[in-house]
1. Is there a residue in the stretch 20-27 that is surrounded by fewer than 10 Cβ atoms within 10 Å (Cβ to Cβ) and either β-branched (Val, Ile, Thr) or under 20 Å from the mean Cα position of the chain (by Cα) (or both)?
2. Among (1) touching a helix residue (DSSP H, G or I) at 6+ places or on another chain (Cβ under 8 Å); (2) surrounded by 10 or more Cβ atoms within 10 Å (Cβ to Cβ), where does residue 81 come up short?
3. Report, by residue number, each residue of the stretch 36-83 that is under 15 Å from the mean Cα position of the chain (by Cα) and among the small types (Gly, Ala, Ser).
4. Assess whether residue 35 counts as being surrounded by fewer than 14 Cβ atoms within 10 Å (Cβ to Cβ), out of contact with any Cys (no Cβ under 6 Å at 6 or more places or on another chain) and within 30 Å of residue 15 (Cα to Cα).
Amino acid sequence: MSEKNTSHTSTQLIHHGYTPPAEFQAPQPGIFKASTVFFPNVAAMRQREWKDKSAYTYGTHGTPSSFTLEERLCTLEGGKHCVLTPSGLSALAVAAFAVLKTGDHVLLPDNSYGPNKPTPTTMP
């Protein structure tokens, strides 16, 4: 007889023990929504190289779902590389880092995304 799980229902749904068999295949890829990635121990986590798309370390660095979408967008657009970002602020940072260098100035309209604008205390 198994022990009764006393955790909250939402916890039981998110951390359910079911895993599909390794040989299961379908035409569409699985969806991986992950802010957390599990590791057997801390040493295994530290051995992962987060920049390598085959070694997942944290959901915002990418998941199998986001890397599959990047590759499919490249195929559709005829591109060599595609980078998806996990947030609006990181999307702005990627675009800015691609074209700006130290000392450059950027003019932004008042209605631009708030985190992209400096606060009065950080302005020179």
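1. No: zero hits.
2. Residue 81 satisfies every listed condition except (2).
3. Within the stretch 36-83, 54, 55, 59, 62, 65, 66 qualify.
4. Answer is yes for this residue.
Yes or no, residue by residue, for (1) in contact with a helix residue (DSSP H, G or I) (Cβ under 8 Å, 6 or more places away or on another chain); (2) loosely packed, with under 12 Cβ neighbours inside 10 Å; (3) in contact (Cβ under 8 Å) with a residue 12 or more places away in the chain; (4) of a type outside the set (Gly, Ala, Ser):
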residue	(1), (2), (3), (4)
43	no, yes, no, no
57	yes, no, yes, yes
65	no, no, yes, no
75	no, yes, no, yes
103	no, yes, no, no
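We did not get these values from a lab; they are worked out from the coordinates using the rules stated. Note that the structure is a prediction, hence the values are computed from the model and not measured. A quick note on method: Cβ atoms are made from the backbone with ideal geometry, for glycine too, and the neighbour counts reach across all protein chains shown.
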